[in-house]
Amino acid sequence: MIAESAAAAGIFLVMEVAGLFLFRWLRLALPGERETGRWFDIETVKGVLERLMLYAGLLMGYPHVLTLFAAVKLANRMSDESPDHDEMKNYFLVGNLVSVLMVLFAVFLVRSVVPALL
């Protein structure tokens, strides 16, 4: 149990470090996005907390956390009427899909690969 918990925490940390580089690359690759020059800002912290919520919820057996995540993200974006709203749509969509895929892959590793190794 302790070994599985440690493995789950380690997988999450590795996923987040990889995510730092991946999301920085996405910001540069998508048209209309600008590099902020900072590795850590409020958007990064929000992303880590969102993925932590998804990761913990899925590991505890609550797949409904995906619906909650989608509802919160949608409600947050519907209230955004900034001038660059259209430019942010691509980054928003791609970033959220990448976040969910990262979490699903990490949960797969914890549930399938880790028990086989221990």
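The values are calculated or read from the model by the stated rules, or taken from the named source; none is laboratory data. Here the structure is a predicted model, which is why all the values come from computation and not from measurement. So basically every Cβ, Gly included, is an ideal-geometry build from the backbone, and we count neighbours across all protein chains shown.
Side notes on the structure shown:
- For beta carbons closer than 6 Å, sequence separation of 6+ or different chains, a first residue in the range 10-27 that is assigned to a helix (DSSP H, G or I) and a second that is of a type in the set (Phe, Trp, Tyr), the qualifying pairs are PHE12/TYR55.
- Scanning the range 40-65 for residues that are closer than 14 Å to VAL110 by Cβ and touching a residue at least 40 places away in the same chain (Cβ under 8 Å) gives ARG51, LEU52, LEU54, TYR55, LEU58, LEU59.
- Filter result for LEU101 (at pLDDT 90 or above and loosely packed, with under 11 Cβ neighbours inside 10 Å): yes
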